[in-house]
Amino acid sequence: MLAPLLLLWPMSVVLTWLVAQGIANKPFDRQLGEMARLLSQQVTVQAQTDGTPRATFVLTRGMAELLRTDESDTLYYQVLGLRGEFLSGERSLPVPAADDSSSGQGQLRFRDDEIGSEPVRVAYLWVNASGTPASSPTALVQVAETLGKRSRLATEIIKGVMLPQFVILPLAVLLVWLALVRGIKPLNELQQRIRRRESHDLSPIDEREVPEEVSPLVRAINDLLMRLDRSIGSQKHFLADAAHQLKTPLAGLRMQAELAQREIDAGQRDPQALKKSLQQIARASQRATRMVNQLLSMARADDASQAQNHQDVNLARIATEAVRDFVPRALEKRIDLGYEGPNTGTRHPLGLMVHGQPVLLRELVRNLVDNALQYTPEGGTVTVRVVDDPFGQVVVLQVEDTGPGIPPAERDKVFLPFYRALGTNVDGSGLGLAIVREIAQQHHAEIALEDANLRLRPGQLVEHGGVAFGPGVRFTVRFPAAAAQAPVPAALNPPS
């Protein structure tokens with residue numbers, strides 16, 4: 001704040017000097033103009049013997065004394081005739097421009113000029129004889145005065161204005177300094193309070209002891225602390241659940257390994273028992289591996305930096321690749337796994353492009369297909385479908401099965417981490433649908449859950465041809481279509 005004050009001070013000096021010059025000129029210009037008008041009254045125009053007008057000027061004794069009354073400055077006057085001939089006064093006084101006489105005859109004017117090298121202030125007017133047309137020749141009357149009195153008056157004004165500023169400016173600087181120190185003191189205290197906090201203390205900052213101007217900033221920081229506290233709390237809860245879920249397969253691994261080791265140490269050579277233990281170890285390790293992979297997928301879905309790698313992705317191609325990868329598993333469970341949607345043989349099928357992260361979109365489709373295969377009984381059907389929007393606004397992905405379905409009361413809970421629907425004996429971690437929801441939110445997609453077969457209730461199974469069918473589940477994910485892939489109106493499409 002001191003820098004602007006020091007910059008404004010010389011600007012104030014310059015402006016004060018200009019204002020003082022104007023104030024000092026006004027009374028002296030008024031006096032100088034009165035003298036010019038009095039001299040103009042002494043100019044007379046008479047007709048000569050040949051009929052041409054001729055101006056004459058007679059300086060009275062009173063006017064001569066008036067021109068000599070000023071002791072501090074020198075007064076000059078000049079009178080020129082109708083044809084510019086010199087009549088009286090100072091010959092060296094400069095004459096105004098010739099075209100100046102045509103505008104405003106009889107109007108008093110002022111200008112700054114010089115006589116020799118001395119600056120003067122000049123009052124002048126063009127005089128026309130009474131009764132003559134305005135276009136007739138005019139006489140010139142000028143009165144000039146040196147600038148001594150004006151300079152002294154302007155200097156006195158400057159002193160009267162600027163000298164108090166030399167006292168006021170340091171006082172203002174001192175007051176500003178004290179006010180800033182006092183105003184910043186609560187901020188310094190707030191800074192020290194924040195610095196003394198422990199790293200795990202995310203409680204809100206007390207707003208009652210901060211300045212009113214900083215209260216919005218403190219409220220914003222408190223809002224950030226609350227969101228950070230919730231985020232850290234959810235991460236801790238997730239890690240605790242993950243550790244708890246990993247305990248089961250790891251404990252099974254350890255138990256089966258100890259059991260097999262005990263049988264070997266006891267000298268038992270039962271191949272079937274050893275084979276059973278190894279199968280249990282393989283199953284537990286597979287479950288632990290799946291759990292770790294899904295935890296890594298969950299962490300990758302939560303990573304905000306993945307949004308920087310978004311690009312236009314062919315959703316139909318990703319869906320067909322996922323179906324192809326799960327065909328062996330579907331054959332093992334005797335499940336009819338199929339794909340329905342536009343042909344993906346072309347390079348860029350119209351309307352199937354979404355803007356997203358390819359790895360995450362592939363993970364979303366794989367988790368939906370994996371979830372459907374897990375809960376569909378042998379002989380059932382799983383269908384992956386990509387639906388093209390004719391208006392080019394969305395691209396719809398659907399995965400439906402003929403499993404037992406999900407009750408309406410649990411449909412919001414199945415997207416929570418580590419939650420598994422009650423009454424199912426399927427081996428899983430409960431992370432698949434949570435990963436699906438996280439990836440869908442990152443891609444601004446809407447996900448919906450409904451029964452695939454409305455004629456059956458959730459949990460109800462019907463046998464047909466030795467195969468159990470249930471109401472099933474249909475997951476529908478609506479992605480915003482990529483802007484570059486908006487369909488072209490039919491009228492603009494040339495015939496093939």
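Given axes a ≥ b ≥ c from the Cα gyration tensor, I'd like to know whether the range 135-191 is rounded (a/c under 1.5), prolate (a/b larger than b/c) or oblate. The partial results should precede the final answer.
Details: a/c = 12.55, a/b = 3.38, b/c = 3.71.
Judged from the Cα gyration tensor, the range 135-191 comes out oblate (a/c at least 1.5, b/c at or above a/b).
Just read off the accessible area of residue 447 with the full protein assembly in place, 1.4 Å probe, to the nearest 10 Å².
Looks like 50 Å² after rounding.
If R₀ is 35 angstrom, what is the calculated FRET efficiency for the pair residue 95 and residue 61, using the beta carbon separation as r and rounding to 0.05? Kindly include the intermediate steps, with their values, before the conclusion.
Working: r = 27 Å, r/R0 = 0.78.
Step by step, r from the Cβ atoms, then E = 0.80.
Hey, with R₀ at 41 Å, roughly what FRET efficiency would residue 163 and residue 30 work out to, going by the Cβ-Cβ distance, to 0.05? Spell out each step's value before the answer.
Working: r = 28 Å, r/R0 = 0.69.
Here the calculated transfer efficiency is 0.90.
Taking 7 Å along the Cα-to-C-beta vector as the label spot, tell me the residue 310-residue 235 distance in nanometres, rounded to one decimal.
2.3 nm
At a probe radius of 1.4 Å, what is the per-residue accessible area of residue 167, in Å² to the nearest 10?
My reading of the accessible area for residue 167 is about 100 Å².
What shape does the range 16-108 take by its C-alpha gyration tensor, where a ≥ b ≥ c are the square roots of the eigenvalues and a/c under 1.5 counts as rounded, a/b above b/c as prolate, and the rest as oblate? Intermediate results must be reported in sequence, preceding the final value.
On the way: a/c = 2.49, a/b = 1.64, b/c = 1.52.
Verdict is prolate for the range 16-108.
If you stretched the chain out fully between residue 378 and residue 224, how much longer would it get, using 0.36 nm times the residue separation minus the C-alpha to C-alpha distance?
Details: separation 154, 0.36 × 154 = 55.44 nm, distance 5.03 nm.
Working it through step by step, the gained length comes to 50.4 nm.
How far apart, in nanometres, would the label points at residue 254 and residue 191 be if each is projected 7 angstrom from Cα along the Cα-to-Cβ direction?
Placing both labels 7 Å beyond Cα along the Cβ direction yields 5.2 nm.
Taking the Cβ of residue 52 as the center, what net charge do the other residues with Cβ under 15 Å away carry, scoring Lys and Arg +1 and Asp and Glu -1? Could you put the intermediate results ahead of the total?
Values: positive: 54, 83; negative: 50, 85.
Residues near residue 52 contribute 0 overall.
Given a 1.4 Å probe and heavy atoms of the protein chains only, how would you sort 60, 320, largest accessible area at the top? It would help to have the intermediate numbers written out before the result.
Values: 60 55, 320 25 Å².
Highest to lowest solvent-accessible surface, that is 60, 320.
The values are calculated or read from the model by the stated rules, or taken from the named source; none is laboratory data. Since the structure is predicted, the reported quantities are computational estimates derived from the model, not experimental observations. Positions of Cβ are backbone-derived with ideal geometry, glycine not excepted, and every protein chain shown enters the neighbour counts. For the accessible areas, the whole protein counts, side chains as well, though only heavy atoms, and no ligand, DNA or RNA atoms are used. Shrake-Rupley method; radii C 1.70, N 1.55, O 1.52, S 1.80 Å.
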